[in-house]
Amino acid sequence: MKILFSPSETKTIGGIQQITDKSTYLFPDLYDKHEEVLKTYQSFIENASDEKSSKLFGLKKEKDINLFKLVNIFKDPTLKAIQRYTGVAYDYLLYHDMNENEQKFIDKNMIIFSNLFGPILAGYPVPNYKLKQGEKLEQFAIEKFYKEHFSANLDLLLEDQFTIDLRAGFYLKFYAPKTDHITMKFLKEGKVVSHWAKAYRGSIAKDLAHYQPENEKDFQQIPFKNLEIKEIIKRKNSNEYIFNIL
């Protein structure tokens, strides 16, 4: 199976010194396209004014802006993406508490849609960097670039996979699945929750790593904590599970 997941703008600092290459990338044949984005980003942060950098990073303080202007996206220490990204969803996923089998499952089967790196496996090493969601590199729209060049490969990858899309809606700009998949919505007292939806997506991903369902029937048997299925809305190529928060 495959889990589609959102990144986070907040990140863990530090890492180990290593240089990534196409052999560890999700789509080695598209590494040059991926590298094109990174080179464009690196050139931008090295030459942009403080005003443009502030906008790109979503930061106001000069010392914070200057810190991320010194990033070298190709040479800085890295961590696995699943360890680099933090925030609500990752707090509830609790990767560091998983056993070895569960961690390996996440590393190889979760695809995180990074605002800079595009679709990457959770185990792919990334440095600490800053990029506000939806920001462009001058006229270069990163999400449109990845959608144009990576969608066909993602379609092939997911064609025969049981797929669960736990991403926020923004990431449909990177990729909209064409094959059958599951999406989710969470209700509290009849109202859709937004911020805490991140927590439940993380918690569900944790359970997926533990139970590792192979199909939708298996998925329906998972005893998700504090959640019950209210209804399943069937769409063209997806089943949207509406959960009540207990």
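Please enumerate, by chain and number, the lysines with C-alpha under 29 Å from the C-alpha of Lys60, excluding those fewer than 8 residues away in the same chain.
Within the straight-line limit of under 29 Å, Lys60 reaches these lysines: Lys11, Lys39, Lys52, Lys69, Lys75, Lys80, Lys130, Lys132, Lys136, Lys144, Lys173, Lys198.
Could you order the peptides 86-96, 120-130 from most to least packed, using the average number of other C-beta atoms within 10 Å per residue?
On the way: 86-96: 18.0, 120-130: 21.1.
In descending order of packing, they fall as 120-130, 86-96.
Find out how many positive minus negative residues lie around Asn226, taking Lys and Arg as positive, Asp and Glu as negative, among other residues whose Cβ is under 14 Å from that of Asn226. Before the final figure, lay out each step's value.
On the way: positive: Lys188, Arg201, Lys206, Lys225, Lys230; negative: Glu189, Asp207, Glu228.
Summing Lys and Arg as +1 and Asp and Glu as -1 gives +2.
So what's the back-of-envelope 222 nm ellipticity for the chain, counting only DSSP H runs of four-plus at -39500 (n - 2.57) apiece and dividing by all residues, rounded to 500? Numbers along the way, then the final one.
Working: 9 runs with 92 residues, N = 246.
That calculation yields -11000 deg cm²/dmol at 222 nm.
Would you list, by chain and number, the aspartates and glutamates whose Cα falls below 15 Å from the Cα of Lys225, excluding same-chain residues fewer than 8 positions away?
Filter leaves Asp207.
Given an 8 Å cut-off on Cα distances and at least 6 residues of separation, report the relative contact order of the stretch 2-245 as a percent. Let's see the in-between values first.
Working: 371 pairs, mean separation 60.0, N = 244.
Value for the stretch 2-245: 25 percent.
Every number in this text was worked out from the coordinates using simple rules, so none of it is lab data. These numbers were taken from a predicted model, which means no experiment stands behind them. Every residue, glycine as well, gets a Cβ built from its backbone with ideal geometry; the counts of neighbours run over all protein chains shown.
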